[in-house]
Amino acid sequence: MRIAIASGKGGTGKTTVAVNLALSLCGKESIQFLDCDVEEPNAHIFLKPQFDTTRSVDKLLPQVDSDKCTRCGACVEACEFNALALMGGNVMLYDSLCHGCGRCGLVCPTGAISEIPHQLGVVETGTTRGFPFARGLLNVGETMATPIIHALKREIDSSRLAILDAPPGTGCPTIAALHEADVALLVTEPTPFGLHDLKAAVEVARTLDVPTAVVINRAGIGNDQVERYCDEENIPIVLTIPFDRAIAETYAVGTPLVDAVPSWRKRFIKLAEQLKEVAR
Amino acid sequence: MKICITTTGTDLDAQIDAVFGRARYFLLVDSETLEVEAIENVPGAHGAGVQAAQMMVDKGVGAVLTGNVGPNAFQGLTAAGIQIHIGAKGSARDTLAAYEAGTLQTVNGPTSQGHGGGR
């Protein structure tokens with residue numbers, strides 16, 4: 001089973017929920033943790049894994065042999081992403097637009113295009129507290145996060161319950177993390193901003209055919225609009241975490257809530273049981 | 001010389017569209033005969049600046065008059081030796097007059113950010 005923890009809005013507590021869910025379940029069942037927020041992974045701060053393997057994630061960039069190239073423009077025409085142009089008598093490559101699909105090389109009539117790997121980032125794997133932990137890390141200056149998330153998801157062991165800490169937002173990286181999840185656990189805060197982005201996240205999950213459940217974090221601020229929305233949409237609210245200075249303090253020093261306040265463990269265990277129901 | 005003016009409409013009275021890669025129309029004007037060809041711009045989801053720069057090359061354009069130009073388009077147009085003039089305002093006709101009077105700015109680098117087409 002795959003549980004993806006997402007939010008729409010950033011900073012609502014995805015990592016808090018993912019980390020505490022993992023720590024509450026790890027003594028009970030076989031789990032694994034994947035930090036899919038490859039632009040800004042942070043679960044390692046709380047789970048303190050030991051990494052033992054690092055693998056490069058590359059995209060293949062075309063390299064044009066100007067002696068063989070006839071400047072026919074077939075590669076420029078074929079590129080879906082406008083990453084190639086024929087300018088001043090040469091084929092120009094726009095690295096950041098290239099998706100590394102290889103189509104240019106396939107259509108080149110003279111075989112002038114070869115491919116060279118270009119590193120986008122890495123996938124690191126290791127263990128913590130007896131369960132596997134993996135994270136993706138996008139290199140600074142790169143914009144394409146999804147190939148790293150796809151590579152990271154290849155670490156999923158289907159015999160384990162996988163907890164995926166998804167990136168914020170509702171764009172391509174979030175979709176990559178949510179795709180093929182059995183349930184999307186959406187963490188929100190009870191504010192107009194939280195509700196707005198929750199709705200967007202619900203739409204994404206529904207489009208991907210992933211059932212949803214909601215965690216309300218910082219309960220006590222804002223208003224009851226999130227609860228009303230969940231009620232109208234038949235989305236179960238599976239956990240409410242109060243807006244509490246003591247909780248914020250444990251987070252600020254990097255201590256997981258269930259380590260600081262062990263009584264929270266049974267609430268996260270109950271949450272996991274409810275998620276199994278939602279996932280059907 | 002063929003001059004491209006980015007516009008919101010199809011003739012010389014049309015207003016300037018201040019963006020290059022995602023301009024609504026490219027108005028191609030022959031500076032000798034004032035003959036006009038309007039091309040509707042249909043940018044793809046990715047790399048609009050590159051696509052537009054490629055069109056300028058394919059159409060034999062010698063100078064582009066627009067509001068701003070992004071990094072990808074700048075790189076392409078420069079490599080192709082096409083002049084870039086920015087700061088165009090008002091109608092295409094005003095802009096053409098400003099170009100001929102030499103009052104438009106020429107540029108040495110991109111004048112707007114890209115639009116995140118790399119994602």
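The values are calculated or read from the model by the stated rules, or taken from the named source; none is laboratory data. Source: prediction; values computed, not measured. In this analysis, Cβ positions are derived from the backbone assuming ideal geometry, glycine residues included, and neighbour counts consider all displayed protein chains.
In the range A:142-165, how many residues are part of a loop (DSSP other than H, G, I, E, B) and closer than 19 Å to residue A:47 by Cβ? Can you show your working first?
Of the range A:142-165, the ones part of a loop (DSSP other than H, G, I, E, B) are A:142-145, A:154-160.
Add one more test, that the residue is closer than 19 Å to residue A:47 by Cβ, and what stays is A:155-157, A:160.
So the count comes out to 4.
Test residue B:64 against the stated conditions and say whether it is within 14 Å of chain A (Cβ to nearest Cβ), buried (at least 23 other Cβ atoms within 10 Å of the Cβ), closer than 30 Å to residue A:78 by Cβ and under 12 Å from the mean Cα position of the chain (by Cα). I'd like the intermediate steps shown before the answer.
On the way: within 14 Å of chain A (Cβ to nearest Cβ): yes; buried (at least 23 other Cβ atoms within 10 Å of the Cβ): yes; closer than 30 Å to residue A:78 by Cβ: yes; under 12 Å from the mean Cα position of the chain (by Cα): yes.
Answer is yes for this residue.
Yes/no per residue for (1) over 16 Å from residue A:15 (Cα atoms); (2) among the charged types (D, E, K, R); (3) at pLDDT below 95:
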site	(1), (2), (3)
A:151	yes, no, no
A:155	yes, yes, no
A:164	no, no, no
A:175	yes, no, no
A:180	yes, yes, no
A:184	no, no, no
A:203	yes, yes, no
A:218	no, yes, no
A:222	yes, no, yes
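Return the residue satisfying two criteria in turn: it lies in the range B:50-61 and is part of a helix (DSSP H, G or I) and more than 8 Å from chain A (Cβ to nearest Cβ), and of such residues it is surrounded by the most Cβ atoms within 10 Å (Cβ to Cβ). I'd like the intermediate steps shown before the answer.
Step one: of the range B:50-61, the residues part of a helix (DSSP H, G or I) are B:50-58.
If we keep only those that are more than 8 Å from chain A (Cβ to nearest Cβ) as well, we get B:52, B:55-56, B:58.
Values: B:52: 28, B:55: 16, B:56: 24, B:58: 11.
Filtering first and then ranking leaves B:52.
Out of the residues in the range B:67-111 that are hydroxyl-bearing (Ser, Thr, Tyr) and closer than 24 Å to residue A:95 by Cα, which is farthest from the other protein chains (Cβ to nearest Cβ)? I'd like the intermediate steps shown before the answer.
Pass one, the range B:67-111, residues hydroxyl-bearing (Ser, Thr, Tyr): B:78, B:91, B:95, B:99, B:103, B:106, B:111.
Still in the list and also closer than 24 Å to residue A:95 by Cα: B:78, B:111.
On the way: B:78: 9, B:111: 18 Å.
By that ranking, first place goes to B:111.
Go through the residues of the range A:94-102 one by one and say whether even a single one is in the same structural domain as residue A:19 (by TED's automatic domain parsing) and either more than 33 Å from the chain's Cα centre (by Cα) or aliphatic (A, V, I, L, M) (or both). Give the derivation first.
Initially, the range A:94-102 is screened for residues in the same structural domain as residue A:19 (by TED's automatic domain parsing), giving none.
No, the range A:94-102 contains no residue that is in the same structural domain as residue A:19 (by TED's automatic domain parsing) and either more than 33 Å from the chain's Cα centre (by Cα) or aliphatic (A, V, I, L, M) (or both).
Of the residues A:35, A:52, A:65, which is away from chain B (no Cβ under 14 Å), at pLDDT 95 or above and touching a Phe, Trp or Tyr at 6+ places or on another chain (Cβ under 9 Å)? Give the steps one after another, and end with the answer.
Details: A:52 fails: touching a Phe, Trp or Tyr at 6+ places or on another chain (Cβ under 9 Å); A:65 fails: touching a Phe, Trp or Tyr at 6+ places or on another chain (Cβ under 9 Å).
Answer to the selection: A:35.
How many residues are farther than 10 Å from residue A:188 by Cβ and touching a residue at least 12 places away in the same chain (Cβ under 8 Å) when one looks only at the range A:223-236? I'd like the intermediate steps shown before the answer.
Restricting attention to the range A:223-236, the residues satisfying the condition of being farther than 10 Å from residue A:188 by Cβ are A:223-225, A:227-228, A:231-236.
Okay, now just the ones that are also touching a residue at least 12 places away in the same chain (Cβ under 8 Å), so A:223-225, A:227, A:233, A:235-236.
Qualifying residue count for the region: 7.
Taking the options A:18, A:78, name whichever one is crowded, with 18+ Cβ neighbours inside 10 Å and of a type outside the set (D, E, K, R). Full working, then the answer.
Working: A:78 fails: crowded, with 18+ Cβ neighbours inside 10 Å.
Of A:18, A:78, the one residue that is crowded, with 18+ Cβ neighbours inside 10 Å and of a type outside the set (D, E, K, R) is A:18.
Is at least one residue of the range A:164-187 among the β-branched types (Val, Ile, Thr) and out of contact with any helix residue (DSSP H, G or I) (no Cβ under 7 Å at 6 or more places or on another chain)? Working first, answer last.
Filtering the range A:164-187 down to residues among the β-branched types (Val, Ile, Thr) leaves A:170, A:174-175, A:183, A:187.
Still in the list and also out of contact with any helix residue (DSSP H, G or I) (no Cβ under 7 Å at 6 or more places or on another chain): none.
Within the range A:164-187, not a single residue is among the β-branched types (Val, Ile, Thr) and out of contact with any helix residue (DSSP H, G or I) (no Cβ under 7 Å at 6 or more places or on another chain).
Look at the range A:11-45 and say how many of its residues are outside any strand (DSSP E or B) and either under 23 Å from residue A:151 (Cβ atoms) or free of Cβ contacts under 8 Å to residues at least 60 places away in the same chain (or both). Show your work before the answer.
Taking the range A:11-45 first, the residues outside any strand (DSSP E or B) are A:11-30, A:36-45.
Retained after the next criterion (residues that are either under 23 Å from residue A:151 (Cβ atoms) or free of Cβ contacts under 8 Å to residues at least 60 places away in the same chain (or both)): A:14-15, A:18-19, A:22, A:27, A:30, A:36-45.
So the count comes out to 17.
When residues of the range A:69-85 are filtered for being within 11 Å of chain B (Cβ to nearest Cβ), among the hydrophobic types (A, V, I, L, M, F, W, C) and more than 17 Å from residue B:71 (Cα to Cα), how many remain? Walk me through it before giving the result.
Start the filter on the range A:69-85 by keeping residues that are within 11 Å of chain B (Cβ to nearest Cβ), which leaves A:73, A:76-77, A:79-85.
In the following step, the residues that additionally are among the hydrophobic types (A, V, I, L, M, F, W, C) were identified as A:76, A:79, A:81, A:83-85.
So of that shortlist, the ones also more than 17 Å from residue B:71 (Cα to Cα) come out as A:76, A:79.
The total comes to 2.
Could you count how many residues in the range B:1-49 are outside any loop (DSSP other than H, G, I, E, B) and over 30 Å from residue A:81 (Cβ atoms)?
Here is the first cut: in the range B:1-49, the ones outside any loop (DSSP other than H, G, I, E, B) are B:2-7, B:15-16, B:25-30, B:36-40, B:48-49.
From the residues that got through so far, the ones that are over 30 Å from residue A:81 (Cβ atoms) too are B:15, B:29-30, B:36.
Result for the range B:1-49: 4.
Filter the range B:22-49 for residues that are touching a residue at least 60 places away in the same chain (Cβ under 8 Å) and under 14 Å from the mean Cα position of the chain (by Cα); which is surrounded by the fewest Cβ atoms within 10 Å (Cβ to Cβ)?
Checking each candidate, the answer is B:22.
Out of the residues in the range A:86-141 that are free of Cβ contacts under 8 Å to residues at least 24 places away in the same chain and assigned to a strand (DSSP E or B), which is nearest to the other protein chains (Cβ to nearest Cβ)?
A:87
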